[in-house]
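The values are calculated or read from the model by the stated rules, or taken from the named source; none is laboratory data. Quick caveat, the model's predicted, so the values are computed rather than measured. Methodologically, a virtual Cβ is constructed for each residue, glycine included, from the backbone with ideal geometry; neighbour enumeration extends over all protein chains shown.
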């Protein structure tokens with residue numbers, strides 16, 4: 001379980017590394033800082049939300065109850 | 001990063017030889033990076049040097065507008081000729097416009113006269129036809145012809161607008177006391193009114209009366225009613241003769257009129273070829289002279305002195321332009337261009353591109369940043385669409401929005417040229433914001449596992465076991481935990497009895513975590529401001545206590561939430577922990593409150609030493625409040641007193657205040673009001689301390705909006721579309737789909753997205769920006785010809 005958090009986080013880090021090179025190849029030097037920051041912020045936001053939703057399901061206190069016939 | 005802080009600006013002085021002034025301003029206007037200061041603010045418009053030129057330009061613009069109106073009247077579309085055949089100077093153009101105007105006015109007057117004559121003849125012709133009919137029955141009975149001795153009846157005939165006929169008749173009756181006889185007959189169709197040229201419905205009338213006095217009265221009434229009178233010979237042969245004459249004259253007049261209109265249209269269309277070019281030229285000249293009016297004139301009247309703000313980076317371009325303009329006008333002196341030191345606050349200027357402009361606009365709608373303070377826009381570009389998506393998250397809705405945004409972005413060149421309706425224009429301007437909002441909505445929709453509120457199994461089937469959604473006859477089934485769904489919310493939750501308790505707990509905690517993170521980001525942005533201005537006092541007395549206060553209360557709450565999630569079997573009541581942290585900070589497990597003196601809430605202890613740690617947190621949080629409140633005003637006071645005694649001197653840096661602070665009211669040399677500073681600091685502290693609580697609570701809107709969105713789309717899907725499908729009736733299915741689709745577009749895509757947009761806007765303006773953003777600067781408004789000559793700008797002239 002901790003493994004998924006680790007690998008998921010690794011995935012987002014890899015994504016950011018990918019974006020880093022993407023920005024470096026797409027925009028010319030001296031013009032990239034903003035793009036780097038924007039991609040890093042986006043990846044951070046996405047990672048944070050994924051991690052929150054993942055962690056919230058690790059030790060559920062409520063279990064799904066399927067309602068029967070009414 | 002140019003967007004992080006506004007461009008460094010420089011106040012510069014230009015000393016321009018008078019003969020080069022015009023060309024210099026033209027060159028600077030083409031660059032569009034100089035904001036000129038008004039050097040003669042006390043002079044009213046007509047006291048200024050170039051008042052006459054501005055007036056002349058306005059006069060020429062008036063003429064051009066007159067030409068434009070005439071072209072619209074004549075139904076011609078002004079068409080610009082691709083290549084201007086000759087370039088006019090302003091004087092030549094003025095003379096030319098003068099000639100053209102008088103020519104056009106003459107032609108128009110002549111045409112107008114001809115048209116009036118023409119429509120009068122038309123009316124006369126109709127009178128001759130109609131009035132003949134009035135007389136024929138009378139002629140048949142022969143009473144007038146047979147007895148010449150009897151009283152001769154006079155008569156007046158003519159044409160008047162049909163709608164005035166009843167009142168005309170009434171007035172005539174009263175004025176003559178009934179001693180008159182009115183006959184009238186409406187003309188079929190509309191005819192042109194000679195006076196106004198409009199097409200109106202008219203009626204031919206004949207009034208018979210007796211006596212000279214009645215005649216005078218009736219003539220006056222006719223005049224009052226705008227009833228045109230026409231001669232009508234009683235003699236039948238003369239009538240025919242006249243009719244023939246009128247017909248012949250009408251033919252001639254029609255030809256002349258046609259020729260005259262052709263002549264006018266030819267003149268207008270030859271103007272039309274140049275109209276746009278000329279208008280641009282005159283508007284440019286007017287703008288230049290208007291700018292020149294802000295310059296002050298040297299006593300010798302040989303050169304003009306101007307001051308203005310420029311971005312430091314644009315200096316070489318401006319210098320180059322000045323040099324070339326000077327050379328081109330072969331002035332005897334060169335233009336002097338020198339920076340001036342000033343303690344005035346420079347304008348704030350962010351060069352934006354088509355993507356960042358909309359976000360800069362969102363931030364500036366709240367307030368234009370102070371010069372060189374950190375710009376919230378940098379993070380807003382991501383966090384704004386992201387927080388929107390947290391509220392709007394749904395895969396299907398995100399895809400719909402993405403399609404709309406892609407359409408706008410893909411066709412931006414085409415759509416950019418057309419002037420849109422106000423709302424469409426707003427959507428078009430915000431197209432890149434919508435694009436990002438859509439992309440993040442798709443992502444959050446995947447995490448919420450909702451596509452039009454239907455769960456997707458894209459990351460595997462549910463991890464929960466022991467229950468089968470298809471087996472509906474088994475009664476309530478509780479599922480058994482079998483692991484965590486790797487990406488997003490487990491699809492099993494949708495439609496279960498426990499869906500809402502689970503999602504509410506998740507989304508509320510998520511809102512708090514995101515809120516605390518964003519507010520911390522805001523506080524660290526203020527650190528960047530303090531570091532930039534080397535304001536170490538504010539770092540110690542504002543930044544550090546703020547971080548401690550927020551961190552020790554809500555940062556601790558966030559850590560507890562994460563601990564509770566990741567600890568197996570943790571059932572701590574976090575509300576209870578937070579509340580009792582203040583009431584009894586050392587007593588984390590409610591010792592002695594349970595039965596037999598046992599701990600009342602042992603489950604609330606999440607880690608060893610929690611009680612002691614909470615005491616520590618509460619103490620540092622409380623201690624940070626006076627640190628925010630008192631030291632800063634006291635130290636500022638001491639510094640000011642020291643300066644008054646002349647103990648130390650500090651170089652007046654051009655953009656920093658003496659004490660290195662950005663605050664205006666502690667300007668060392670403009671006096672120091674201790675009570676004012678203290679009150680300001682108190683307000684600031686109270687705002688932060690109370691705000692820490694209320695702003696954190698405010699982020700719960702993320703949960704509320706997201707819940708509302710999910711529930712609304714679930715209602716539309718289950719109650720409308722699925723209910724219609726369940727009927728198995730094709731017609732009901734089509735109707736159900738139509739209702740569902742229009743509700744999705746109208747309610748969810750338009751109204752819900754607008755509400756999520758506004759809430760995201762508020763979270764950025766208030767909760768995020770009040771941590772660091774002063775927003776009391778003023779925007780750089782350069783003199784830019786490109787901006788002035790934009791087509792839409794002409795509407796505001």
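Residue-level check: of (1) buried (at least 16 other Cβ atoms within 10 Å of the Cβ); (2) in a loop (DSSP other than H, G, I, E, B); (3) out of contact with any helix residue (DSSP H, G or I) (no Cβ under 9 Å at 6 or more places or on another chain), residue B:41 misses just (1). Which residue out of B:531, B:521 is free of Cβ contacts under 8 Å to residues at least 40 places away in the same chain, in the same structural domain as residue B:708 (by the TED database), surrounded by fewer than 19 Cβ atoms within 10 Å (Cβ to Cβ) and in a helix (DSSP H, G or I)? Result: B:531 is the single residue among B:531, B:521 that is free of Cβ contacts under 8 Å to residues at least 40 places away in the same chain, in the same structural domain as residue B:708 (by the TED database), surrounded by fewer than 19 Cβ atoms within 10 Å (Cβ to Cβ) and in a helix (DSSP H, G or I).
So, of the residues in the stretch B:451-478 that are more than 53 Å from the chain's Cα centre (by Cα) and within 7 Å of chain A (Cβ to nearest Cβ), which turns out to be nearest to residue B:740 (Cα to Cα)?
Just the residues of the stretch B:451-478 that are more than 53 Å from the chain's Cα centre (by Cα), to begin with: B:465-468, B:471-478.
Subsequent filtering for residues that are within 7 Å of chain A (Cβ to nearest Cβ) retains B:467, B:472-478.
On the way: B:467: 31, B:472: 26, B:473: 29, B:474: 31, B:475: 30, B:476: 30, B:477: 31, B:478: 32 Å.
Filtering the stretch B:451-478 for residues that are more than 53 Å from the chain's Cα centre (by Cα) and within 7 Å of chain A (Cβ to nearest Cβ), the one nearest to residue B:740 (Cα to Cα) comes out as B:472.
Of the residues contained in the stretch B:3-26, one or more are found to be in a loop (DSSP other than H, G, I, E, B) and out of contact with any helix residue (DSSP H, G or I) (no Cβ under 9 Å at 6 or more places or on another chain).
If the condition is being assigned to a helix (DSSP H, G or I) and either in contact with a helix residue (DSSP H, G or I) (Cβ under 8 Å, 6 or more places away or on another chain) or under 23 Å from residue B:163 (Cβ atoms) (or both), then the stretch B:215-227 contributes B:217, B:218, B:219, B:220, B:221, B:222, B:223, B:224.
With respect to the stated conditions, residue B:369 is modelled with pLDDT under 95, buried (at least 24 other Cβ atoms within 10 Å of the Cβ) and either assigned by the TED database to the domain that holds residue B:710 or farther than 21 Å from residue B:765 by Cα (or both). Determine whether residue B:621 is under 53 Å from the mean Cα position of the chain (by Cα), modelled with pLDDT of 85 or more and part of a loop (DSSP other than H, G, I, E, B). So residue B:621 does not fit the description; no. Anything in the stretch B:493-504 that is crowded, with 22+ Cβ neighbours inside 10 Å and either assigned to a loop (DSSP other than H, G, I, E, B) or more than 45 Å from the chain's Cα centre (by Cα) (or both)? List them, or say none. Residue satisfying the conditions is B:496 alone.
For residue B:716, the criteria (1) surrounded by 13 or more Cβ atoms within 10 Å (Cβ to Cβ); (2) under 28 Å from the mean Cα position of the chain (by Cα) hold in every case but one, which is (2).
Let's see how each residue does on (1) within 30 Å of residue B:462 (Cβ to Cβ); (2) surrounded by 12 or more Cβ atoms within 10 Å (Cβ to Cβ); (3) not assigned by the TED database to the domain that holds residue B:752:
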{"position": "B:413", "(1), (2), (3)": "no, no, no"}
{"position": "B:422", "(1), (2), (3)": "no, no, no"}
{"position": "B:431", "(1), (2), (3)": "no, yes, no"}
{"position": "B:441", "(1), (2), (3)": "yes, yes, no"}
{"position": "B:445", "(1), (2), (3)": "yes, yes, no"}
{"position": "B:451", "(1), (2), (3)": "yes, yes, no"}
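Within the stretch B:600-614, does at least one residue satisfy the condition of being farther than 27 Å from residue A:51 by Cβ, modelled with pLDDT under 85 and assigned to a loop (DSSP other than H, G, I, E, B)? There is at least one residue in the stretch B:600-614 that is farther than 27 Å from residue A:51 by Cβ, modelled with pLDDT under 85 and assigned to a loop (DSSP other than H, G, I, E, B). Restricting B:585, B:568 to those that are at the interface with chain A (Cβ under 10 Å from one of its Cβ atoms) and farther than 30 Å from residue B:453 by Cα reduces the list to B:568.
Could you tell me which of the residues B:175, B:214, B:227, B:210 is closer than 26 Å to residue B:110 by Cα and either at pLDDT below 85 or surrounded by 14 or more Cβ atoms within 10 Å (Cβ to Cβ) (or both)? Lay out the reasoning, then the answer.
Details: B:175 fails: closer than 26 Å to residue B:110 by Cα; B:214 fails: closer than 26 Å to residue B:110 by Cα; B:210 fails: closer than 26 Å to residue B:110 by Cα.
Result of the check over B:175, B:214, B:227, B:210: B:227.
When residue B:272 is tested against the conditions (1) closer than 23 Å to residue B:780 by Cβ; (2) touching a residue at least 40 places away in the same chain (Cβ under 8 Å), the lone failure is (1). Inside the stretch B:160-179, residues that are more than 60 Å from the chain's Cα centre (by Cα) and farther than 12 Å from residue B:222 by Cβ make up a count of 6.
Condition check: more than 12 Å from the chain's Cα centre (by Cα), assigned to a helix (DSSP H, G or I) and either more than 10 Å from chain B (Cβ to nearest Cβ) or crowded, with 16+ Cβ neighbours inside 10 Å (or both). Does residue A:34 satisfy that?
So residue A:34 fits the description; yes.
Return yes when residue B:489 is within 41 Å of the chain's Cα centre (by Cα) and within 8 Å of chain A (Cβ to nearest Cβ) and no when it is not. For residue B:489, the condition - within 41 Å of the chain's Cα centre (by Cα) and within 8 Å of chain A (Cβ to nearest Cβ) - is met. For residue B:507, the conditions (1) in contact (Cβ under 8 Å) with a residue 60 or more places away in the chain; (2) within 30 Å of residue B:481 (Cβ to Cβ); (3) outside any helix (DSSP H, G or I) all hold with the exception of (3). Residue count for the stretch B:445-477 under the criterion of being in a loop (DSSP other than H, G, I, E, B), free of Cβ contacts under 8 Å to residues at least 12 places away in the same chain and farther than 23 Å from residue B:713 by Cα: the result is 3. Every condition in (1) free of Cβ contacts under 8 Å to residues at least 60 places away in the same chain; (2) in a helix (DSSP H, G or I) holds for residue B:233 except the one numbered (2).
Restricting to the stretch B:44-63, give me the number of residues that are over 33 Å from the mean Cα position of the chain (by Cα) and part of a loop (DSSP other than H, G, I, E, B). Residues in the stretch B:44-63 being over 33 Å from the mean Cα position of the chain (by Cα) and part of a loop (DSSP other than H, G, I, E, B): 3 in total. Identification of helices (runs of 4 or more DSSP H) wholly contained in the stretch B:285-393 with 1 or more residues that are in contact with a strand residue (DSSP E or B) (Cβ under 8 Å, 6 or more places away or on another chain) and in contact (Cβ under 8 Å) with a residue 40 or more places away in the chain yields B:315-328, B:356-364. With respect to being at pLDDT 85 or above and more than 53 Å from the chain's Cα centre (by Cα), residue B:128 falls outside the description.
Does residue B:442 fit the bill of being part of a helix (DSSP H, G or I) and within 12 Å of chain A (Cβ to nearest Cβ)? Before the answer, list the steps.
Values: part of a helix (DSSP H, G or I): yes; within 12 Å of chain A (Cβ to nearest Cβ): yes.
Taking the combined requirement at face value, the residue satisfies it.
For the stretch A:9-29, does any single residue satisfy the condition of being at the interface with chain B (Cβ under 7 Å from one of its Cβ atoms) and surrounded by 12 or more Cβ atoms within 10 Å (Cβ to Cβ)? No: zero hits. Would you say residue B:221 is within 60 Å of the chain's Cα centre (by Cα) and either modelled with pLDDT of 85 or more or on the phi > 0 side of the Ramachandran plot (or both)? Spelling it out, residue B:221 is indeed within 60 Å of the chain's Cα centre (by Cα) and either modelled with pLDDT of 85 or more or on the phi > 0 side of the Ramachandran plot (or both).
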